[in-house]
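Accompanying notes for the structure given below.
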Amino acid sequence: MIKGSIVALITPMTETGAIDYNGLEQLIDFHLNEHTDGLLILGTTGESPTLTQEEEEEILRTTVKKVAGRLPVIAGAGTNATAETCRKVQRFAELGADQVLVITPYYNKTSEAGLLAHFKTIADASPVPIILYHVPARTGLRLPIRVVEQLAKHSMIIGIKEASGDMSYTMEVARFVNESFVLYSGNDDLTLPILSVGGIGVISVWANIQPKIVHELVHDFNEGRLGAAKEKQLGALPVINALFSETNPIPVKSAMNILGLPAGPLRLPLVSLDEKQIKQLTVLLKQKGVYGQ
């Protein structure tokens, strides 16, 4: 189980829209130096809906080779087709992913029985541990608590990224946390509250720009420095809110470009912040000590 800050890594791109593999390696070095505890690639923040199968596999190969065992690598493998997700999970395991993240199926919006069958089929087929990803704002589908309770018993399902933004729901999920099923915050603004009910870390967009602080926040809490953890969480709220002022990863890629980190443009249908928004974000990053740190 990965404790701490797992960055939901962006996919850096060149000005022509190609994958910037050199930039990806630079970002991995950045996170190694800043004490990030794990890498999640090919997720929502990594613009996975616009990546080809060949690009996904090359991103994973590059990441695994560059990391060289120094950090756990999680690959986003979820789709709304069970058979395709099984194929991805098995392929990503072959390419060296330590774990996979599997989102609730979207658009076709199955029943409760279908959700159970979907995740159990994938888990039965998976050679590596699975983290569930619950983000109903993206998928239009809420994962019933009864389903989470059943899935938490599967030996290959080791946790959940809880990104509903609903603390009442999250506390219900927390009742199933044990040594073999863990809880990760999927909302940067709720990391500390989720840690307080049994979470062991965060899968973080914010960590793309301030990885050391996110790492320290979680470890402060885990080591009993509650005041320090609270100060970091509350102090970061203006920056976190700015990172979600538009659809993720639009603002975080803009922030990274402002900070001189490899990010580059987005792929359509996502478009960059306008000039006024970029100026506002730059001012905020300077005010909060992020720019030039």
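Structural remarks
- Assuming charge only on the beta carbon of Lys and Arg (+1) and of Asp and Glu (-1), the dipole of the range 179-286 about its Cα centre is about 320 debye to the nearest 20.
- Surface share of carbon and sulfur [accessible, 1.4 angstrom probe, percent] for the chain: 51
- Considering only 96, 143, 60, and ranking their Cα positions along the charge dipole of the range 2-224 that arises from unit charges at the beta-carbon of Lys, Arg, Asp and Glu, the one farthest toward the positive end is 143.
- Charge tally for residue 190 (other residues, Cβ to Cβ under 11 Å; Lys, Arg +1; Asp, Glu -1): -4.
- Working note: Debye formula, equal point scatterers on the alpha-carbon atoms of the range 95-230, no solvent; log10 I(q)/I(0) at q = 0.10, 0.16 Å⁻¹ is -0.33, -0.82.
- The range 1-128 - Rg and Dmax from Cα coordinates, angstrom: 14.9, 45
- Using C-alpha pairs below 8 Å separated by at least 6 residues, the relative contact order for the chain is 19 percent.
- Karplus-derived HN-Hα couplings along the range 108-120 (A = 6.51, B = -1.76, C = 1.60, θ = phi - 60°), whole Hz, x at Gly and Pro: 6, 6, 6, 7, 4, 5, x, 4, 4, 5, 4, 5, 5
- Lysine pair count for the range 2-224 with Cα-Cα distance under 16 Å and sequence separation of 8 or more or different chains is 4.
- Rg and Dmax of the chain, Cα atoms only, in Å: 17.9, 51
- DSSP bridge pairs, the chain: antiparallel proportion in percent, nearest 5: 5
- Estimated dipole of the chain in Debye, rounded to 20 [Cβ of Lys and Arg +1, of Asp and Glu -1, Cα centre]: 340
The values are calculated or read from the model by the stated rules, or taken from the named source; none is laboratory data. This one's a predicted model, so the numbers in the text were calculated from it and none came from an experiment. Cβ sites come from the backbone with ideal geometry, for glycine too, and all protein chains shown count toward neighbours. For accessibility, only protein heavy atoms count, side chains too; no ligands or nucleic acids. Shrake-Rupley method; radii C 1.70, N 1.55, O 1.52, S 1.80 Å.
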